Amino acid sequence: MTSAREMRLRIKSVKDLSQVTRALKTVSASKVRKAVAANAASLNYSKKAWQVLQNLAGQPGHANLHPLLNEHKNINRVLVIMVSSDKGLAGSYNMNVLRNTLEFFDTFDTPVDYICIGKKGRDLLLRRKIRVIADFSELADPVSFMDISPISRMVVDEFLSARYDQVYLSFTRFESMTKQVPEIQKLLPLKVDHENMAEGKNNAQSVFTYEPEQQEILDEIVPRFTGIQIFQATLSSQASEHAARTLAMANATDNANELINVLQLEYNKMRQQTITNDILDIVGGAAVHANS
């Protein structure tokens, strides 16, 4: 049977744990506001950049516009940029990203390699002995475009050198504080959305005038816009991470408080029983003394 001292120690440890989870919830709630603001601030620009890339890919003779828009004839190797977190205590956030990624690429007949943004995703892949060619951890929070530039340059170089024939982004799209959706997006080569173009959503038939030279501008903007997609995916993932951690720590705090109440009730019952037993012993002793 658990002693009163052991019960007190258990209550204290749960209270200490609830203080930690409450502090983590407060910190994450502060961070999620900044991350959501950063994500929203760049979202419109990112969407417009994606539309411009779609437009360029849909232009007549787009195969000659830029190598990053060209489909490779044979798909021999695939590269995936998987965005996760550096820290845990975020509920099922990291496992959802990993599960969605592995389920999607398990159907591929070609080898798949990974670039990891975040320690947790890297560790989960390495435990499964999956090849990780690069790891980018401890990025700023919220991340800046300069932080993403080395990743973007690496991806572009790998694709242009034909070491990889397709590049995908696996990240978590932030929708609300209670809803974050794992998503996989094809990054390179650009895939033209013919359905949307047919509806005129991307203005695919627009005529562009380039100054000074079309190729010079394309060589600059296409790799940069590729980086913007990685940048936006990372911002969205960071917002999702903090939202998931805020919710997880709120649930953990609530569970800890419920457990404290249960333990406190058990402790009070134990104390009451102890006091009752002591009173009975005193009364019994007094009765024996009186009879003698």
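The values are calculated or read from the model by the stated rules, or taken from the named source; none is laboratory data. Just so you know, these numbers come straight off a predicted model, no measurement behind them. Using ideal geometry, Cβ is built from the backbone for each residue, glycine included, and neighbour counts are taken over all protein chains shown. Keep in mind that these areas ignore ligands, DNA and RNA; they rest on the heavy atoms of the full protein, side chains included. Shrake-Rupley method; radii C 1.70, N 1.55, O 1.52, S 1.80 Å.
May I ask you to work out the translational diffusion coefficient for the range 218-292 at 10 °C, viscosity 1.306 mPa s, via Stokes-Einstein with Rh from the Kirkwood sum over Cα pairs, reported in whole µm²/s? Write out the running numbers ahead of the final one.
Values: Rh = 18.5 Å.
Diffusion coefficient, whole number: 86 µm²/s.
Under the Kirkwood approximation for Rh and a Cα-based Rg, what ratio Rg/Rh is obtained for the range 109-166?
On the way: Rg = 12.6 Å, Rh = 12.6 Å.
Rounded to two decimals, Rg/Rh equals 1.00.
Once the other residues with Cβ under 14 Å from the Cβ of Arg245 are scored (Lys, Arg +1; Asp, Glu -1), what is the net sum? Don't jump to the answer; show the numbers that get you there.
Working: positive: Arg22, Lys25, Lys31, Arg33, Lys34, Lys87, Lys120; negative: Asp86, Asp141, Glu241.
Local charge sum for Arg245: +4.
With every protein chain kept in the model, how would you rank Leu188, Leu265 by accessible area, 1.4 Å probe, largest at the top?
Values: Leu188 5, Leu265 95 Å².
From most accessible down to least: Leu265, Leu188.
Give, in nm to one decimal, the length gained when the segment between Val20 and Arg5 is fully stretched (0.36 nm per residue of separation minus the Cα-Cα distance). Mind dumping the intermediate values first?
Numbers: separation 15, 0.36 × 15 = 5.40 nm, distance 2.30 nm.
Residue separation times 0.36 nm, minus the Cα-Cα distance, leaves 3.1 nm.
Rank these residues by their accessible area, most exposed first, probe 1.4 Å: Asp16, Asp165. Don't jump to the answer; show the numbers that get you there.
On the way: Asp16 65, Asp165 10 Å².
Most to least solvent-accessible, the answer reads Asp16, Asp165.
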